[in-house]
Amino acid sequence: MSKRRVKEAATQPPELTGIAQLLSEMPEATLDLHGYTGPQARLRARDFLTTHSRISAGSVVHVITGKGSGSKGRGVLLELTRDLLEGEAANHVDEYAGMLGGGGWVVRVK
């Protein structure tokens, strides 16, 4: 006699929320700031966030700064960009989180 297999109900994985949701989304665009000076990087990042806030509100973008291995202490561009996200560009930023590995930011624009 053969035994019938009872089909188990498929369980759905838990829904991601908060930072996990943000980090899991594919970016609409990426800005790589490697090679820029602090003032250049600030202008490029501000313009990038402003533009994407206008053309793709609610989307996720990546801002790559690098880890700052060539700098003493933490990376200059990493800190500069965080300050921009919390200050001058805050009205274009819905939420943000550090990239896994520490070389940039994942940003949801408003």
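Every number in this text was worked out from the coordinates using simple rules, so none of it is lab data. Every value quoted in this text rests on a predicted model; they were computed, and no experiment measured them. All Cβ positions, even for glycine, are placed from backbone atoms using ideal geometry, and neighbour counts span all protein chains on display.
Here are the numbers:
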| quantity | calculated |
| --- | --- |
| Relative contact order %, the chain, counting alpha carbon pairs below 8 Å whose residues are six or more apart | 30 |
| Size of charge dipole - segment 18-109 - debye, nearest 20, with Cβ of Lys, Arg +1 and Asp, Glu -1, no other charges | 300 |
| Residues T11, T51, T37 arranged by fewest to most Cβ contacts within 10 Å | T11, T37, T51 |
| Extension reserve of the R44-M99 stretch, reckoned as 0.36 nm per residue once the Cα distance is removed | 17.9 nm |
| Directionally averaged shadow of segment 19-79, computed from the convex hull of its alpha-carbon atoms, nm² | 4.7 |
| Difference of contour (0.36 nm per residue) and Cα-Cα distance, K67 to A90 | 6.0 nm |
| Shape parameters for the chain, alpha-carbon atoms, Rg then Dmax in Å | 19.3, 77 |
